[in-house]
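What follows is one structure encoded as C-alpha cells, with my remarks underneath.
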Amino acid sequence: MLGSQEYILSKIASNDGHGENSAFFDGWKAYDADPYHPTKNPNGVIQMGLAENQLSFDLVEEWVRNNPMASICTPEGASQFKDIAIFQDYHGLPEFRNAVARFMEKVRGDRVRFDPDRIVMSGGATGAQETLTFCLADPGEALLVPTPYYPANDRDLTWRTGVELVPVICDSSNGFKMTRDGLEAAYKAALDSNTTVKGLLLNNPSNPLGTVLDREALSMALSFTNDKNIHLICDEIYSATVFDEPGFVSIAEILAESPDANPDLVHIVYSLSKDLGFPGFRVGILYSYNDAVVCCARKMSSFGLVSTQTQRMLASMLADEEFVGKFLAESAARLGARRAAMCQGLAQMGVGSLKGSAGLYCWMDLRRLLKAATFEAEMELWRVIVNDVRINVSPGASFHCAEPGWFRVCFANMDEETMRVALSRISKLVVQSKSGEARKQCRRRSKLEISLSFRRLEEIMMSPHSPMTSPLVRTMT
C-alpha cells in the first residue's frame, strides 16, 4: 500500500537487521517488564543476561570523592568548565588518549606499548566495531567469526554496513577452541558461495565462554589471516577481567613477536565498559596499526564521540597509577571469587560449566535437562527458565552455538544475596527436572513390567504343559 511504513521508510528502518528479534534480547525485555527486587518484587525476574561489572564500584566511588578536581561539575573543577565545554577536536583530549594508551599497557602487564596517536574514540565498543567494519569491508563482503559469539555482533557489524558474518564452527569436543581446519572450512564455504572474506574477528577473552586465546591460537590466527591477506580484528574489551591462569595475551604481543606479519592487517577494539564497569560512559577505542584505517576511522568518529567531560574525568582517573594498580588487582580477585561461588553452586546441584579464567559470566551446561538434543528443546527449556524459574539467562542458540543446551549466565551484575536466590531457583529447576525424569522412568518401568507380565502369562497359556491347552478346557471354552 502506498502509505505503508515499508514504503515511506528506508530499507534499514523497515528491515529486521537490528537483530533484536532473538531470545537474547527477549530475555532483557522479560526482566524489564518485571524486575526482581528482594523486598519490593521478590518474585520478579533476576537479570543474569547482562554482562556488567558491578563488583568494584566502591573503589571507583572512593576515588571520585577523593578527587573532586577531576570533574568540571564540582566547585574544585568548575574553573575548567568553559574550556572543556567548547572542546570539539575529534582527536580527543591528548591527556585522555595518553591515559588510555597507558591503561591498555598496564592491563597487558606492560609487555607492549601503544601509540596514543593511533587511538580513535567511539561511542562504546559497538561504535568502534561498526566504524572498523565500515573501514575494512563493503556491503556483501564477510568477516569470519568463531562460534559461539556475542549475539549483538549480528546487529553491530552488519545492520548498517551490509557486511555478512560467516560462522567458524567450534564445539565442546575441545572446549570450543578455534582450529586451523575450522577456519579453512569457513573460508572455503564463503568462497564457494561467491562471498569475499575480508577479515577474521576474534573475541579475546571470549564472550560467552569466559576463556582466553593462548599464544599458539593467536599465532595461528595471525598466520591464517596473513596467508589469506585478510584483516585480523581482536575484540579485547574483557582483557582486565582475567582472574586466573591462563592469563591474557594480547594480539599486540604476538604481532610484536612476528616480524614477518603484516601490521596493516591487525586492529584492536577496546572499551572501558567491562574492565572498569562503565558502559554508560560509552567509551569505545579503535586501535589500528594501519595508517589509512586510523585516518578514516577518526573522520568517522565524529558520528559518535566521547564527551569531553567524560574524557577529562577518565584521563585523571587512569593517570592515577596507584588507583589503577589497586583496582585491577582487587577487581580480578573479586571476579574470581564470584565466579568460583557461582560455578561451585552449580556443581553442587549437578550442573556443569566450561572451565574459564575471565569474563563476567560462565558457560552453563544444561544439556541433560533438554527433552531432546535440539535447539527447539533448548528454547522450550529457556522459556521455562525465564517464565517459570524467573531468571533471564541467554540460550546458546542466540550465540550461534553449534550444540543445544548451553547457556550464558552472568554473575557480576548483582550482589551476593541475589546470586544465592538465583542459584536456589536454578536448583529447584534441576530437582523438578530430575523428579520429572524419575517419574517418566518409573512409568516406563511400569509399562515394561506390565508388558512382560502379559507376555509371561501368554507364554504360560500357550505352553503344552498349561492346563489351558487340555482338550477338556478347549471344549469348555
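The values are calculated or read from the model by the stated rules, or taken from the named source; none is laboratory data. Please read these numbers as outputs of a predicted model, since none were measured by experiment. All Cβ positions, even for glycine, are placed from backbone atoms using ideal geometry, and neighbour counts span all protein chains on display. Side chains included, ligands, DNA and RNA excluded: accessible areas come from the protein's heavy atoms. Shrake-Rupley method; radii C 1.70, N 1.55, O 1.52, S 1.80 Å.
Assorted remarks:
Let's see how each residue does on (1) under 26 Å from the mean Cα position of the chain (by Cα); (2) of a type in the set (A, V, I, L, M):
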{"residue": "Gly19", "(1), (2)": "yes, no"}
{"residue": "Gly27", "(1), (2)": "yes, no"}
{"residue": "Asp34", "(1), (2)": "yes, no"}
{"residue": "Ala51", "(1), (2)": "yes, yes"}
{"residue": "Glu61", "(1), (2)": "no, no"}
{"residue": "Phe87", "(1), (2)": "no, no"}
{"residue": "Tyr90", "(1), (2)": "no, no"}
{"residue": "Gly109", "(1), (2)": "yes, no"}
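- The lone exception for Phe87 - which of (1) part of a loop (DSSP other than H, G, I, E, B); (2) at pLDDT 85 or above it fails: (2)
- Apart from one condition, Val293 fits all of (1) crowded, with 21+ Cβ neighbours inside 10 Å; (2) under 19 Å from Cys135 (Cβ atoms); (3) in contact with a strand residue (DSSP E or B) (Cβ under 6 Å, 6 or more places away or on another chain); the exception is (3).
- Residues that are hydrophobic (A, V, I, L, M, F, W, C) and closer than 14 Å to Ala190 by Cβ were ranked within the stretch 127-155; the one that is farthest from the chain's Cα centre (by Cα) is Ala137.
- For the stretch 219-255, taking the residues that are part of a helix (DSSP H, G or I) and of a type in the set (A, V, I, L, M), the one that is most open to solvent (accessible area, probe 1.4 Å) is identified as Met220.
- Qualifying residue in the stretch 110-122 (condition: surrounded by 23 or more Cβ atoms within 10 Å (Cβ to Cβ), within 19 Å of Asn203 (Cα to Cα) and not hydrophobic (A, V, I, L, M, F, W, C)): yes
- Selection status of Glu76, under 30 Å from Val386 (Cα atoms) and in a loop (DSSP other than H, G, I, E, B): no
- When the residues of the stretch 313-357 are filtered to those that are open to solvent by 40 Å² or more (accessible area, probe 1.4 Å) and charged (D, E, K, R), the one that is nearest to Ile86 (Cα to Cα) is Asp320.
- Verdict on Ser193 being open to solvent by 60 Å² or more (accessible area, probe 1.4 Å) and modelled with pLDDT of 95 or more: yes
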